[in-house]
Amino acid sequence: MVLTKTRQRDVLGHSALRPDGTAKVKGDFAFSSDLWAENMLWGATLRSPHPHARIVSIDLSKAWKVTGVEAIITASDVPGQLTYGLISEDQPVFAFDVVRYMGEPIAAVAADHPETCRRALAAIEITYEILPPLTDPEMSIGEQHIPIHPDGNLIREQRIVRGDITATGPIVVEGTYIIGMQDQAFLGTESALATPDHDGGGVEVYVATQWLHEDRKQMAKCLNMPEEKVRLTLGGVGGAFGAREDISLQVHTSLLALRTGRPVKMQYGREESFFGHVHRHPAKVWMKHHATAEGEIVKIEARFLFDGGAYSSTSAAVLLNGITHTQGPYRCPNAIVEGFASRTNNPPCGAMRGFGVVQACFAHEGQMDKIAEAAGISPVAVRLLNAIRTGDTLITGQILESVAPVERCIRETDALPLPPPLPTDAHELLLPGGSGLTADRRHIVRGIGYGVSIKNIMYSEGFDDYSTARCILKDGVATIKFATSEVGQGFVTLAPQIARSVLGVDEVVTETIDTQIGSAGSTSASRQTWMSGGAMDGACRMVRERLFEHVAAIHKLDPLQLAIENTDVVDTRGHLRIPVSEASSGVRFEETFEYHHRPTEDLDENGQGNCHVAFAFVAHRAVVDVDPELGLVKVVQIATAQDVGRVLNPLSVLGQIEGGIAQGLGLAVMEEIIVQDGKVRNPSFTDYLLPTALDAPTVIASMIEEPDPQAPMGAKGVGEPPCISVTPAIVAAIRNAVGKSIDRCPVRPQDICL
Amino acid sequence: MSGHQNYTLNVNGTEHPVKDAWIGESLLYVLRERLGLPGSKGACEQGECGSCTVVIDGSAVCSCLVMAATAVDSQIATIEGLAEDGTLTDVQEAFITEGAVQCGFCTPGLVMAVHHLLESNDNPDEMTVKEALSGNICRCTGYGRIFAAVDAVIAQRQAGK
Ligand code: FES
Ligand code: FES
């Protein structure tokens, strides 16, 4: 017997390992903060200590006297547009008349040492006329409101009206849910290195971002330069989670470099990072569900209020996402929903993993448990009863065309094993509160809760967020290029897997991620596997066609009868079999492909329209131990079944699931930016607590594979769903343990014990 | 700026002269910005995240909290010293194969922390591992694959005994 050793190739479906893994474990990987250039200066930013004030005067004279200072810039040094923004350009590069949030940039310096920068910033004298901060989002858009920005305080208002708005049922349940302000808290803070061209006519910037081309567009306007003069390369990114969707230090660093004619590096410290990027919107969501006696949803009434903070960022899109996900993954024939995103003097809010859906889900899942209780059925039964299916109509009138295995998500989650009861001799670190705050074992009660969610993937409302990829095949080696931001999610692993699968090559070279190719859109909205994956797949397929034409011409075959089998080109109707390396030897095929998803539309005034591209689903079950006396919680286990379409890399998907769950746990019981009168009270890792190794629950995950025919490779994005319904599941488990209604997250000790 | 000094640091067995440096600089800053050793990362610079973990005279410390000038007579080990001959350590290898690396910003600190743990205890139980790593924050992975990597190394080392 001859044993053939089957070689495992890193094709789609396999847990291919990260190509940057070796560099990362050795400390060799160049994060944007690790960059260095000959003759480099350091940049730093002066920020407002006040949430609302008029700038009366700025005196730079003392700062200029600090030895080592090379440049100081303010709004009057911005050569182009004075404001920027992702959707509406309402945010100043530097505040020029009024500061509208604590931490708003006013000036920047470049100097020989970070310490020199700090001293120079301290020497800048600003006279402010303090204005009362408008911090209540409800008041901000109330009758008597005073506008705090020329664009007004209402960033967006949208309603959804569907079906019979007078419909009701024997069960009516209502709740007002509060969601706190969460920080993305990526570990690698904002940083960039900008190098001016010799003639000062352009600038090259290495930056950690989610979307190179959008940054470039906004930077070029503010720098008053043609876009091609602003060249961006992705610096190594230490996590993103939405916080790098807006620009932060990009324009400041470039301006300092252009002003000094020297490379300038800027890097935020942790405290500055809390002020330097947008956060998850704090929100107040009121929902009233009408249901049949059996617990079937008849109608939902809802009102959303998102606090957008001082500038609009992506608030308009977050609001849209929130209200269009009011119903959750459940059928709902009648609805009346209104939503507002308002402007306040609180920190600006924008994109964070889950993007508006986190807030909606926290509310609708709280409501589902209330319906279950009123109908006398279990949390699982009420969700199964209402579970949406492919072909159902959403409250926007859009037909749910995506594969929707909601029922399976719920059933498979529920079937996962429960953890054993808390042992009587459990390690003290396993108890709620851990060491130091040790709960009394006799008081500890266990609770179980469920959460299910629906999440749109890709951008919505008519936006064509296409992606571009290039593939070159030569001598058996594929060389691929894209501008897709790698923020840790693993597109750099997936792209070569695609090339190997489509082209039958083993060796794949990935070129630098920069703006020397078309846009890839943003690494957000769980969209890169679908969009950039689709672009990469398309480019590789086009190259494969060229290869088949070439082979067919030589062998006088019809190219349509050729196929790739492992690493060979084979004739499906004959005997020809040549290794791809040989077939592509001495030739070079190059193709670039732009992938566009199907078009979407705006909502009309009643919130009707096909505004989303596709959806993914997930269910979570949380088991918690709670000490009701002290209000302490330990999340013991999270079980989850997630609709992933198709698993392209099991290890990567698992990493997204576990990582997302930890962030959702953070929002459930730990993480909140505390803002009082517009002032951030806890901008540090000492006071803003993140889940540690001791907080991480056991995760048991099941991936549901029902390939989506609309998705290029059948695979849905997997990044956001894990963090969405885990939060309400944990809070439901706490309610279940202590028998108390808790309608806010994060849940604080006083919410449990007082 | 005033308060500049010359001194020498012993990092990974090599003497590194530090010239004309402001004495207020942290060890993390000097390693990264003066000695060309940017493997140690700074994510909080106040001892909360562990990204900057190095080993000084056998103790794992946050290099962001150590004044560089106070470490002159010590042996400093950084991530760059682990795979000096190009061969990855078992811990580094396991971090890659078990999927413990996503963005990788926490990775150097965690790899140092895991090595340090296993040096003093070659067969730690689950809670010991969790406690030992609880000073190293990872925002991407949720820790599951990091525990898997540590377990894999422990199993290998036990099997190799
Ligand atoms: S940078 Fe030293 S502990 Fe965070
Ligand atoms: S891998 Fe990103 S912080 Fe750990």
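For segment B:65-119, the candidate set comprises residues that are more than 18 Å from B:R145 (Cα to Cα) and charged (D, E, K, R); within that set, the residue that is nearest to the other protein chains (Cβ to nearest Cβ) is B:E80. Within segment A:668-688, the residues that satisfy the criterion of being at negative phi and buried (at least 18 other Cβ atoms within 10 Å of the Cβ) are A:A668, A:V669, A:M670, A:E671, A:E672, A:I673, A:V675, A:K679, A:V680, A:P683, A:F685, A:Y688.
Those strands (runs of 3 or more DSSP E) of segment A:444-492 in which 1 or more residues are in contact with a Phe, Trp or Tyr (Cβ under 7 Å, 6 or more places away or on another chain) occupy A:445-457, A:467-474. Look through segment A:632-652, keep the residues that are within 13 Å of chain B (Cβ to nearest Cβ) and surrounded by fewer than 24 Cβ atoms within 10 Å (Cβ to Cβ), and return whichever of them is farthest from B:R145 (Cα to Cα). Filtering first and then ranking leaves A:Q637. Listed here are the strands (runs of 3 or more DSSP E) enclosed by segment A:230-336 that have at least 3 residues being closer than 17 Å to A:G43 by Cβ: A:264-267.
Collect the residues in segment A:151-168 that are touching a residue at least 12 places away in the same chain (Cβ under 8 Å), assigned to a loop (DSSP other than H, G, I, E, B) and either surrounded by fewer than 19 Cβ atoms within 10 Å (Cβ to Cβ) or in the same structural domain as A:L319 (by TED's automatic domain parsing) (or both), keeping them in residue-number order. Lay out the reasoning, then the answer.
Here is the first cut: in segment A:151-168, the residues touching a residue at least 12 places away in the same chain (Cβ under 8 Å) are A:151-165, A:167-168.
Okay, now just the ones that are also assigned to a loop (DSSP other than H, G, I, E, B), so A:151-153, A:163-165, A:167-168.
A:D151, A:G152, A:G163, A:D164, A:I165, A:A167, A:T168 - these are the residues of segment A:151-168 that are touching a residue at least 12 places away in the same chain (Cβ under 8 Å), assigned to a loop (DSSP other than H, G, I, E, B) and either surrounded by fewer than 19 Cβ atoms within 10 Å (Cβ to Cβ) or in the same structural domain as A:L319 (by TED's automatic domain parsing) (or both).
Does B:E84 fit the bill of being within 14 Å of ligand 1 (Cβ to nearest atom) and touching a residue at least 24 places away in the same chain (Cβ under 8 Å)? So B:E84 fails the test.
When the residues of segment B:78-104 are narrowed to those that are away from ligand 2 (no atom under 16 Å from the Cβ) and charged (D, E, K, R), which ends up farthest from B:H115 (Cα to Cα)? Show your work before the answer.
Step one: filter segment B:78-104 for residues away from ligand 2 (no atom under 16 Å from the Cβ), giving B:78, B:80-90, B:93.
If we keep only those that are charged (D, E, K, R) as well, we get B:80, B:84-85, B:90, B:93.
Working: B:E80: 13, B:E84: 15, B:D85: 17, B:D90: 9, B:E93: 12 Å.
This residue is B:D85.
Hey, can you tell me all the residues within segment A:63-77 that are crowded, with 16+ Cβ neighbours inside 10 Å and either within 14 Å of A:L121 (Cβ to Cβ) or of a type outside the set (G, A, S) (or both)? Can you show your working first?
Going residue by residue through segment A:63-77, those that are crowded, with 16+ Cβ neighbours inside 10 Å are A:63, A:66, A:68-75, A:77.
Selection gives A:A63, A:V66, A:G68, A:V69, A:E70, A:A71, A:I72, A:I73, A:T74, A:D77.
Basic (K, R) and crowded, with 19+ Cβ neighbours inside 10 Å: which single residue out of A:R527, A:R573 fits that description? First the steps, then the outcome.
On the way: A:R573 fails: crowded, with 19+ Cβ neighbours inside 10 Å.
Answer to the check: A:R527.
For segment A:88-137, a tally of residues being over 31 Å from the mean Cα position of the chain (by Cα) and of a type in the set (K, R) returns 2.
Residue-by-condition table, conditions (1) surrounded by 17 or more Cβ atoms within 10 Å (Cβ to Cβ); (2) not in a loop (DSSP other than H, G, I, E, B):
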position	(1), (2)
A:G366	yes, yes
A:I371	yes, yes
A:L385	yes, yes
A:I410	yes, yes
A:P419	no, no
A:S435	no, no
A:A439	yes, no
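Entry remark, segment A:577-587: residues being surrounded by fewer than 17 Cβ atoms within 10 Å (Cβ to Cβ) and without any contact (Cβ under 8 Å) to a residue 40 or more places away in the chain number 1 in total.
Residue under question is A:P707, and the condition is that it be surrounded by fewer than 21 Cβ atoms within 10 Å (Cβ to Cβ) and in a loop (DSSP other than H, G, I, E, B); does it hold?
Values: surrounded by fewer than 21 Cβ atoms within 10 Å (Cβ to Cβ): yes; in a loop (DSSP other than H, G, I, E, B): yes.
Yes.
Residues in segment B:128-144 that are within 7 Å of chain A (Cβ to nearest Cβ) and assigned to a helix (DSSP H, G or I) were compared, and the one that is surrounded by the most Cβ atoms within 10 Å (Cβ to Cβ) is B:L133. Please go through segment A:24-59 and pick out each residue that is among the hydrophobic types (A, V, I, L, M, F, W, C), surrounded by 20 or more Cβ atoms within 10 Å (Cβ to Cβ), within 24 Å of B:A43 (Cα to Cα) and more than 10 Å from chain B (Cβ to nearest Cβ). Selection gives A:L41, A:A44, A:L46. Scanning segment A:680-699 for residues that are more than 8 Å from chain B (Cβ to nearest Cβ) and touching a helix residue (DSSP H, G or I) at 6+ places or on another chain (Cβ under 9 Å) turns up A:V680, A:N682, A:P683, A:Y688, A:L689, A:D695, A:P697, A:T698.
Among the residues making up segment B:26-57, those that are away from ligand 1 (no atom under 14 Å from the Cβ), part of a loop (DSSP other than H, G, I, E, B) and within 11 Å of chain A (Cβ to nearest Cβ) are B:G36, B:L37.
Being part of a loop (DSSP other than H, G, I, E, B), over 20 Å from the mean Cα position of the chain (by Cα), acidic (D, E) and surrounded by fewer than 24 Cβ atoms within 10 Å (Cβ to Cβ) is true for just one of A:E594, A:E629, A:E590. Which residue is that?
Values: A:E594 fails: part of a loop (DSSP other than H, G, I, E, B); A:E590 fails: part of a loop (DSSP other than H, G, I, E, B).
None of the other options fit; the residue is A:E629.
What about A:E104, is it surrounded by fewer than 20 Cβ atoms within 10 Å (Cβ to Cβ) and either touching a residue at least 40 places away in the same chain (Cβ under 8 Å) or not assigned by TED's automatic domain parsing to the domain that holds A:K679 (or both)? Judged against the criteria, A:E104 is not a match.
Condition first: out of contact with any helix residue (DSSP H, G or I) (no Cβ under 9 Å at 6 or more places or on another chain) and either on the phi > 0 side of the Ramachandran plot or within 14 Å of ligand 1 (Cβ to nearest atom) (or both). Now tell me which residues in segment B:8-25 satisfy that. Result: B:D20, single match.
Residue under question is B:F95, and the condition is that it be of a type in the set (F, W, Y) and within 15 Å of ligand 1 (Cβ to nearest atom); does it hold?
The answer is no for B:F95.
Would you call B:A149 more than 7 Å from every other protein chain (Cβ to nearest Cβ), crowded, with 22+ Cβ neighbours inside 10 Å and within 19 Å of the chain's Cα centre (by Cα)? Considered against the rule, which asks whether it is more than 7 Å from every other protein chain (Cβ to nearest Cβ), crowded, with 22+ Cβ neighbours inside 10 Å and within 19 Å of the chain's Cα centre (by Cα), B:A149 comes out as yes. For segment B:58-80, the set of residues classified as within 16 Å of ligand 1 (Cβ to nearest atom) and assigned to a helix (DSSP H, G or I) consists of B:S63, B:C64, B:L65, B:A68, B:T70, B:A71, B:I79, listed by residue number.
The values are calculated or read from the model by the stated rules, or taken from the named source; none is laboratory data. Not measured: the values here are computed from a predicted model. Positions of Cβ are generated from backbone atoms using ideal geometry, with glycine treated the same way; all protein chains shown enter the neighbour counts.
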